[in-house]
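Each remark here refers to the structure printed beneath this line.
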Amino acid sequence: MSADDSNRPFRIGFVCSGNICRSPMGEVIFRALAEREGLGDRFLATSRGTHGYHVGDGADPRTLAALAAAGYDGGRHRAREVTDADIAGHDLLIALDRGHERHLRGRGADPDRLSLLTAVDPERPADPGRACLPMR
């Protein structure tokens with residue numbers, strides 16, 4: 001972040017395949033934790049998918065149920081596909097698996113602003129893949 005950017009929030013984006021399962025969970029939970037710690041104005045959390053399978057759809061019902069069981073609300077989420085502007089405009093992109101990381105690198109993501117979730121948390125998140133919702 002440059003000195004000119006010191007007053008803007010740090011932009012963090014979570015990226016999975018369709019933006020209906022894992023990445024929305026990252027966004028919702030990160031945002032809630034930042035708010036709880038009094039840091040909500042310092043961070044802007046988003047989520048995107050590497051593909052446009054579900055653009056405009058809400059989060060998968062199982063995602064919403066898991067979030068609700070943990071005390072989080074994901075009901076306002078709408079799936080979006082990652083754009084080049086998203087890749088350039090985030091301070092940190094967190095890829096949910098190596099395939100997402102490769103996709104983002106292939107689209108020019110700055111390696112210094114790209115991290116694999118397991119680099120921060122060694123517990124690999126379950127990949128619901130096609131079990132989440134059928135692709136259209």
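Within the range 72-96, the residues that satisfy the criterion of being outside any helix (DSSP H, G or I) and out of contact with any Ser or Thr (no Cβ under 8 Å at 6 or more places or on another chain) are Tyr72, Asp73, Gly75, Arg76, Arg78, Ala79, Thr83, Asp91.
Looking across the range 19-69, the residues that are crowded, with 23+ Cβ neighbours inside 10 Å, in a loop (DSSP other than H, G, I, E, B) and among the hydrophobic types (A, V, I, L, M, F, W, C) come down to Ile20, Cys21, Ala59. The set of residues from the range 97-120 being among the hydroxyl-bearing types (Ser, Thr, Tyr) and in a helix (DSSP H, G or I) comprises just one member, Thr118.
Results for (1) at pLDDT below 95; (2) under 17 Å from Ile29 (Cβ atoms), shown as yes or no for each residue.
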residue	(1), (2)
Gly49	no, no
His54	no, no
Ala59	no, yes
Leu64	no, yes
Pro128	yes, yes
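Of all residue pairs spaced 6 or more apart or on separate chains, those with beta-carbon atoms under 8 Å, a first member in the range 30-54 that is in contact (Cβ under 8 Å) with a residue 40 or more places away in the chain and a second member that is in a strand (DSSP E or B) and not charged (D, E, K, R) are Thr46/Ile12; Thr46/Gly13; Thr46/Phe14; Thr50/Val15; Thr50/Cys16.
Residue count for the range 94-103 satisfying the condition of being within 13 Å of the chain's Cα centre (by Cα) and surrounded by fewer than 24 Cβ atoms within 10 Å (Cβ to Cβ): 2.
The values are calculated or read from the model by the stated rules, or taken from the named source; none is laboratory data. Since the model is a prediction, treat every value here as computed from it, not as a measurement. No Cβ is skipped: glycine too gets one built from the backbone with ideal geometry, and neighbour counts run over all protein chains shown.
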